[in-house]
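The structure appears below as structure tokens.
The values are calculated or read from the model by the stated rules, or taken from the named source; none is laboratory data. What you see is a predicted model, and the numbers here were worked out from it, not measured in a lab. When we count neighbours, we look across all protein chains shown, and the Cβ atoms used for this are built from the backbone with ideal geometry, even at glycine.
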């Protein structure tokens, strides 16, 4: 699903980092002295020993209470190849951010293209749909602390009394990478949030609408927005603030709209106001989710990133260092590790070379490629 690179982690000596919240019993492992980390009293950070789970690489665990911190979704807006939008840069440029981790799996854009990496799953931030899933993908509601098998959403434009359903929002189409090939088709909506160009091809036209009556985004869930048609084009372009663009086949009811006429757009979702994709669901209310034995990425050891919650509502972010298919954790080992931390609901985020945990001014783990990888989305821990 994403390109991965090998690292040099085998045989690395582990040490347990000071935890000020008292959530872990800590002591040095091996001869290395335990480094000190300046951690707020309500934020626990540790490196734990995973040998009893068969994990020989460092495991970093970040824990905090939702009364003190919240998780914020950030979206990259740069060319991923040779870009600088990493979890640490996302955190450093966000007020109140104390930690960051990589987010959902993503599709890399070709070298030299101006578009950002495209998330595979859905993204809802601050009640606004930023992206709909490219393929069937698991999701996590960051506020309700629940996981689901997909993103529930719908969006419809009323054009002169005829409903035109939106098939996708802010997807980079056409799209092709390992086992995923999405053609340019359906009725696609683009907003400024993802900074993607509206695609163009024979037999399609783009309808360019301005928001009417304020700055409420038309993709805000469970609302109806009023739009004014201001232009049509067959060219590719990026959407300006205060506008949306709908790329559609010429045969839709949108073609009957006159210039400067109005339409309404209703967007609905039961997924909550902050939701992001992941794969797979690991735990759901204390139940271990089944793991497909044919999925080699889950059955073999890899660097891993996971997000979960305990029954009392404590947030747990976990990273396991590793080298693709050689060291790290399998999904079964990850389940056992999370259960030992009293996590009852959890989902895996992107892993492999993307796995990065940044906190208190530095990257705490050892990314597989030797340095942070630019990512499509990140999860930031921000002070309330």
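Answer yes if at least one residue in the range 327-348 is out of contact with any helix residue (DSSP H, G or I) (no Cβ under 9 Å at 6 or more places or on another chain), more than 25 Å from residue 123 (Cβ to Cβ), part of a strand (DSSP E or B) and in contact (Cβ under 8 Å) with a residue 40 or more places away in the chain, and no otherwise. Yes - at least one qualifying residue is present in the range 327-348.
For the residues 147, 180, 244, 140, the requirement of being touching a residue at least 12 places away in the same chain (Cβ under 8 Å) and over 30 Å from residue 345 (Cα atoms) singles out 244. Only a single item in (1) within 30 Å of residue 54 (Cβ to Cβ); (2) assigned to a helix (DSSP H, G or I) is not met by residue 319, and it is number (2). When each of 80, 29 is tested for being more than 21 Å from residue 359 (Cα to Cα), under 24 Å from the mean Cα position of the chain (by Cα) and at pLDDT below 85, the lone residue that passes is 80. Screening the range 109-126 for residues that are assigned to a loop (DSSP other than H, G, I, E, B) and within 15 Å of the chain's Cα centre (by Cα) and picking the one that is modelled with the lowest pLDDT gives 116. Quick check: is even one residue across the range 229-241 surrounded by 16 or more Cβ atoms within 10 Å (Cβ to Cβ) and free of Cβ contacts under 8 Å to residues at least 60 places away in the same chain? Looking through the range 229-241, at least one residue is surrounded by 16 or more Cβ atoms within 10 Å (Cβ to Cβ) and free of Cβ contacts under 8 Å to residues at least 60 places away in the same chain. Residues in the range 136-169 that are within 14 Å of the chain's Cα centre (by Cα) and over 26 Å from residue 68 (Cα atoms) were compared, and the one that is surrounded by the fewest Cβ atoms within 10 Å (Cβ to Cβ) is 150.
For the range 194-210, how many residues are touching a strand residue (DSSP E or B) at 6+ places or on another chain (Cβ under 8 Å), over 16 Å from residue 133 (Cβ atoms) and at pLDDT below 95? The number of residues fulfilling the criteria is 6. Exposed (fewer than 13 other Cβ atoms within 10 Å of the Cβ) and free of Cβ contacts under 8 Å to residues at least 60 places away in the same chain, is that true of residue 214? Yes; evaluated as a whole, the condition is true for this residue. Taking the numbered list (1) farther than 22 Å from residue 186 by Cα; (2) surrounded by fewer than 19 Cβ atoms within 10 Å (Cβ to Cβ) in turn, residue 255 passes all entries but (1). The residue of the range 330-362 that is modelled with the lowest pLDDT, among those that are more than 23 Å from residue 142 (Cα to Cα) and surrounded by fewer than 24 Cβ atoms within 10 Å (Cβ to Cβ), is 361.
Listed by position, the strands (runs of 3 or more DSSP E) contained in the range 264-313 that have at least 2 residues being in contact with a helix residue (DSSP H, G or I) (Cβ under 8 Å, 6 or more places away or on another chain) are 281-284, 304-310.
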